[in-house]
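Okay, structure first, notes after.
The values are calculated or read from the model by the stated rules, or taken from the named source; none is laboratory data. Quick caveat, the model's predicted, so the values are computed rather than measured. Positions of Cβ are generated from backbone atoms using ideal geometry, with glycine treated the same way; all protein chains shown enter the neighbour counts. Ligands, DNA and RNA are stripped out before the accessible areas are found, and what is left, the full protein with its side chains, is counted by its heavy atoms. Shrake-Rupley method; radii C 1.70, N 1.55, O 1.52, S 1.80 Å.
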Amino acid sequence: MTVPGSIPLLGRSRLGTVPLLGASAPEDPARAGIIHLGLGAFHRAHAAVHTALAMQAEPGDWGIVGFANRSRRVVDPMARQDGMCSVLELSEHGARADVVDVHRGLGVMAEEPERVIAEIADPARKLLTLTVSEGGYSVSPRTGGLDVDSPALRTDLDSADPKKARSATPAAPRTVIGLLAAGLTARSRTGEPFAVLPCDNVAAAGRTTRRMVTEFLELSGADEDALAFVREHVSFPDAMVDRIVPATTPATSEQVAALLGVQDDAPVRAEKFSMWVIEDDFPAGRPAWEQGGAIMSSEVDKYEQVKLRILNGPHSLIAYLGALDGRPTIPAAFAEDWIAEATLSLIHDENLPTIDLPSDLDVQGYIEDLTHRWRNHDLGHRTRQVGSDGSMRLPQRVPTPALFHLRDGRLPAMLALTVAAWFACVVPPAGFDPGEQAAAMTDPDQARLQEIAAGATTPAAHARALLESGCLSAELAAHEEFTDLVGALLTTLVTAGPRAAAAEAMTLSLKEIR
Ligand code: CS2
């Protein structure tokens, strides 16, 4: 197919003329061993690439049936392109583009939940990968258990419960955890083993997913057989995932067209670096990922700590301070010495001592690499993107290391600064204008948080109201010193600016609490 008056559309007919990453998956969708939920840019630049590389080393039935969450924005163009999309790699050495050809069968979860359930029940599918972002796991920041306060989850629980369901055919689930529970219940009737592999920045992601699915099944009155099946025949391996993949822009297609001479309406752009550490627990088999650039390890929990506390938490701090300082991108923000200094203090002084390091990782090398990755101007990762959804992300990034220091009587001031800067950007105190970059950040909990803080008359009271609502963790909110510190830093932020607040935090970092 050719786009009128221009270059040919990416698709099977271009195979052999475009550079391919790894190998194509077998063409027949019936032979696709993997289901993927959350067909965003990250999956296409990460798991899809490592899977294609693994199949090149060891061919197998590892095509991917991919479901987007809600929108057809990626699914429609990819379907027109026979499931293909390109990955535009941007580094200081220039740009290159390659095509990934592993997707076989595409859909949208919200449109066809029954199909997702049927796919999970299909014995030809051996494992399911997930990139549904932190919010997709339905973990309550307040309790750490299943988020029964969420209206969507409650609806799913009620419609799955045979005692509460209003009709004999229950409404299809709307949450990912509800879908997984329904799919695994259907699969329990075949008894075929299965693996659910989360690929998001969630601590103990595998164990967390197992806990949420099990709690869902228990609370919705699932039968004992389904529960026993999930306990005994479904694995939930942990994984650490790492590749910076900013949102695709219209320019991405233009760059791909210039490099490959094809029109791709669903490309992704990414840095060169990519890392995937996976716990090797796949009862129905898996691609030879270790030959496709991934690391199979029994220390994934330690790698997850490294990722969340060295990359993700500090990434949030760069985004919030940068946005408050009017910087549109992460590299522009990190180029400010005072932001780089605050970030490195968060990494070295406050977060690194809390991490149980993996035996094979050169952590100083990882940090060194990271500072280069954050300086990648070609990638131009937006501060507004990294700063969005803080209510889902910061509970994974702040409470555990902050509590580590508070319990030992020290002030985690750089972590408190991260929280204060998040509030200033996304739930600003009355009368404070955080500027254009911060105003563009979005968060599903923004309206609720604004309401919680509505009566506060000072920035300190504002911070207190938010923290006491349990938006990060109830345990953290119980530490008065932390609440006061976030309040003080927020006060400085709105009265004297982010640079003054960062300087203040640096002087307070790890001070002993009297
Ligand atoms: C970022 C991550 O937006 C964010 O929260 O910290 O998406 C980050 O870019 C990736 O985890 C890198 O692996």
Exercise for the section: Answer yes if at least one residue in region 500-513 is crowded, with 17+ Cβ neighbours inside 10 Å and either on the phi > 0 side of the Ramachandran plot or among the β-branched types (Val, Ile, Thr) (or both), and no otherwise. Expected result: no
Practice task
Can you work out which of the residues in region 94-116 that are in a loop (DSSP other than H, G, I, E, B) and surrounded by fewer than 20 Cβ atoms within 10 Å (Cβ to Cβ) is nearest to the chain's Cα centre (by Cα)?
Solution key: Ala110
Fill in the blank from the handout: Expected output for region 282-303 (first residue under 18 Å from Pro59 (Cβ atoms), partner open to solvent by 20 Å² or more (accessible area, probe 1.4 Å) and of a type in the set (D, E, K, R), Cβ below 7 Å, 6+ apart or cross-chain) is Ala284/Lys126; Ala284/Glu192; Gly285/Lys126; Ala288/Glu58; Gln291/Glu58
Exercise for the section: Of all residues in region 117-147, count the ones that are acidic (Asp, Glu) and in a loop (DSSP other than H, G, I, E, B). Expected result: 2
Practice task
Of the numbered conditions (1) under 18 Å from Ile117 (Cβ atoms); (2) touching a Gly at 6+ places or on another chain (Cβ under 9 Å), Thr190 fails exactly one; give the number of that condition.
Solution key: (2)
Exercise for the section: For Ile310, indicate whether it is part of a loop (DSSP other than H, G, I, E, B), within 13 Å of the ligand (Cβ to nearest atom) and either in the same structural domain as Ile35 (by TED's automatic domain parsing) or in contact (Cβ under 8 Å) with a residue 40 or more places away in the chain (or both). Expected result: no
Problem - Some residue of region 359-369 being over 18 Å from the mean Cα position of the chain (by Cα), under 25 Å from Glu436 (Cα atoms) and modelled with pLDDT under 95 - result: no
Handout entry: Of residues in region 436-487 being in contact (Cβ under 8 Å) with a residue 40 or more places away in the chain and among the β-branched types (Val, Ile, Thr), the one least open to solvent (accessible area, probe 1.4 Å)
Key = Val486
Practice task
Kindly indicate whether Asp408 is out of contact with any Pro (no Cβ under 6 Å at 6 or more places or on another chain), among the acidic types (Asp, Glu), modelled with pLDDT of 95 or more and within 12 Å of the ligand (Cβ to nearest atom).
Solution key: no
Practice task
For Leu130, state whether it is under 24 Å from the mean Cα position of the chain (by Cα), aliphatic (A, V, I, L, M) and either in the same structural domain as Arg375 (by TED's automatic domain parsing) or closer than 25 Å to Pro283 by Cα (or both).
Solution key: yes
Exercise for the section: Please work out which one of (1) on the phi > 0 side of the Ramachandran plot; (2) at pLDDT below 95; (3) not β-branched (Val, Ile, Thr) is the condition Pro250 fails and give its number. Expected result: (1)
Exercise for the section: Take region 470-508 and flag every residue that is modelled with pLDDT under 95 and either of a type outside the set (A, V, I, L, M, F, W, C) or outside the structural domain of Glu350 (by TED's automatic domain parsing) (or both). Expected result: Gly470, Ser473, Glu475
